[in-house]
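Scroll down for the structure; my scribbles are underneath it.
The values are calculated or read from the model by the stated rules, or taken from the named source; none is laboratory data. For clarity, every value in this text was computed on a predicted model and none was experimentally measured. Here Cβ is always computed from backbone atoms with ideal geometry, including for glycine, and neighbour counts include all displayed protein chains.
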Amino acid sequence: MMKKVMLIGNGAREHVIAETLKRSSHEVELYAFGKALNPGIESLSEDYRVGDYMDQDEVLNYALHVDPDFVIIGPEDPIDSGLADKLLEQGYGSVAPLQAVAKLESSKSFTRELLANHDIPGNPQFKVFTSVEGIREFMEELDGQFVVKYDGLKGGKGVKVVGDHLEGIEEGYLYAVECLEGCGQVVIEEKLIGQEFSLISFADGVSLAHMPAVQDHKRAYDGDTGPNTGGMGTYSDSNHMLPFLSEEDIATAHAMNEAVLEALRDETGTEFKGIMYGGFIATKKGVSLIEYNCRFGDPEAMNLLPILKTDFVDVCIAIIKGTLSEMEVEFENSATVCKYVVPDGYPDNPCKGDKIEVGETPNEVNIYYGSVDKKEDGLYLSGSRAIAFVGIGETLESAERLAAGAVNSVQGPVFYRTDIGTAEVIERKIAYMNELRG
Ligand code: AMP
Ligand code: GLY
């Protein structure tokens, strides 16, 4: 049966969402609403509206015009602003949580306190401050090994870690004051040491279907150096684990997502329906929580959705109806490696407006457009992560080779990380975790 789906967002994450919807056995008519035209999404859509998705009335007007069967909201800002609530008032269900539970991503203190109040293990030591009183003392109590978190959405730039972005207590204190001035609250927590991974689950309010684990690379340059970015690339393995994780680590992450889903319902009376993205870290003492997001990761979505075997439209409908437990959600046993090509100077000073050429790429490589403009004579950089190349193979090695060959074919003022998903780096991560855990 024909399904009308409205998709909000215009990045590579939404491009892969669009593609996965179109792979469905249902006939899908796609209606896109984005801040800019995404050539990949446009080619899959019946109609594409360019507008401000933070303007709820504008989005709602478009929804009333389209009258979709359901909506998918890709990015966090419109979710945090309560867009799913606004759409639901008109009877449109979304694959995205309501504002009361979207706080899981937008408020760092809400999430830490949720775990603490519901005795869910996995929090580092933390304290929430509404004034400067006691901040220095707590930083000292943590032996100067702390992280300062702005208590709101800040496009991934609100978190500063000692040793990475902050030199010591003095700098940390000044940043904490800046956070207090910005949003009235700041979270200070223990700095955790280990390997990070993402464990994302489909959530229908009462039950979850877990996706394979993925590892992202936030730093701009090879060897995890340089400034933080939205994510330069990701990989996932054919057994749905990561080479440096144990089965117990994965089970802990699953259990945490499940406990949090229940805690959210108890605490707010609202069911979390959408994508629950746990950002975890495997440490010496086991798995801890770094943060939650209320949406697909970008780039993680590009690893996960192409290997989703179950019909995505059916999954979306089950999320909204609350019937996820009645179906089996399955993924192919394939390894995936995603590498983003980004403009020279990204993220601090990216070049814009330059033309790029993408070479011939084999069939096993998927291409997703991020921040690029399509003109008659080709593709142009528009300032952020430009194009994601995803290699899919039986092994990480073959997936990496595919992604590397494709991303390397791009001509223009761009760069990418050569180390993501390579055997050498993965061996190093395994050795690091073995040493950490003794
Ligand atoms: P977030 O915005 O919470 O994802 O934080 C951004 C990044 O900061 C994470 O991906 C981590 O690398 C780092 N980070 C956040 N919290 C901690 C922590 N408690 N210990 C160590 N690193 C952290
Ligand atoms: N991959 C990191 C994020 O989507 O937040």
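Observations, loosely collected:
- Residue match in the range 302-314 (condition: touching a strand residue (DSSP E or B) at 6+ places or on another chain (Cβ under 7 Å) and either of a type in the set (Val, Ile, Thr) or more than 24 Å from residue 28 (Cβ to Cβ) (or both)): yes
- Taking the listed residues 287, 337, 329, the one that is within 16 Å of ligand 1 (Cβ to nearest atom) and either crowded, with 23+ Cβ neighbours inside 10 Å or assigned to a loop (DSSP other than H, G, I, E, B) (or both) is 287, with no other qualifying.
- Taking the criterion of being surrounded by fewer than 18 Cβ atoms within 10 Å (Cβ to Cβ), in contact (Cβ under 8 Å) with a residue 12 or more places away in the chain and not acidic (Asp, Glu), the residues of the range 105-120 that qualify are 117, 118, 120.
- Condition met for residue 190 (under 19 Å from residue 280 (Cα atoms), away from ligand 2 (no atom under 16 Å from the Cβ) and either without any contact (Cβ under 8 Å) to a residue 40 or more places away in the chain or within 26 Å of the chain's Cα centre (by Cα) (or both)): yes
- Of residues in the range 290-303 being aliphatic (A, V, I, L, M) and buried (at least 23 other Cβ atoms within 10 Å of the Cβ), the one farthest from ligand 1 (Cβ to nearest atom): 302
- Residue in the range 23-41 that is in a helix (DSSP H, G or I), crowded, with 17+ Cβ neighbours inside 10 Å, out of contact with any Gly (no Cβ under 8 Å at 6 or more places or on another chain) and of a type in the set (A, V, I, L, M) present: no
- Residue, surrounded by the most Cβ atoms within 10 Å (Cβ to Cβ), within the range 409-438, restricted to residues that are in contact with a strand residue (DSSP E or B) (Cβ under 7 Å, 6 or more places away or on another chain) and charged (D, E, K, R): 417
- Options 96, 102, 176: the member that is among the hydrophobic types (A, V, I, L, M, F, W, C), more than 16 Å from ligand 2 (Cβ to nearest atom) and either closer than 30 Å to residue 319 by Cβ or crowded, with 16+ Cβ neighbours inside 10 Å (or both): 176
- Residue tally, condition in contact with a helix residue (DSSP H, G or I) (Cβ under 8 Å, 6 or more places away or on another chain) and within 11 Å of ligand 2 (Cβ to nearest atom), over the range 280-304: 11
- Residue in the range 248-258 that is modelled with pLDDT of 95 or more, within 16 Å of ligand 2 (Cβ to nearest atom) and β-branched (Val, Ile, Thr) present: no
- Residue within the range 271-282 that is out of contact with any strand residue (DSSP E or B) (no Cβ under 7 Å at 6 or more places or on another chain), surrounded by fewer than 24 Cβ atoms within 10 Å (Cβ to Cβ) and in contact (Cβ under 8 Å) with a residue 12 or more places away in the chain present: yes
- In a residue-by-residue description of the range 235-246, the property of being touching a residue at least 40 places away in the same chain (Cβ under 8 Å), of a type in the set (Phe, Trp, Tyr), within 25 Å of residue 435 (Cα to Cα) and surrounded by fewer than 24 Cβ atoms within 10 Å (Cβ to Cβ) applies to at least one position.
- Unique residue being farther than 21 Å from residue 97 by Cα and touching a residue at least 24 places away in the same chain (Cβ under 8 Å) when the list is 324, 308: 308
- Selection status of residue 207, away from ligand 1 (no atom under 16 Å from the Cβ), surrounded by fewer than 21 Cβ atoms within 10 Å (Cβ to Cβ), touching a residue at least 60 places away in the same chain (Cβ under 8 Å) and under 26 Å from residue 368 (Cβ atoms): no
- Any hit, the range 380-393, residues being surrounded by fewer than 17 Cβ atoms within 10 Å (Cβ to Cβ) and touching a helix residue (DSSP H, G or I) at 6+ places or on another chain (Cβ under 6 Å): no
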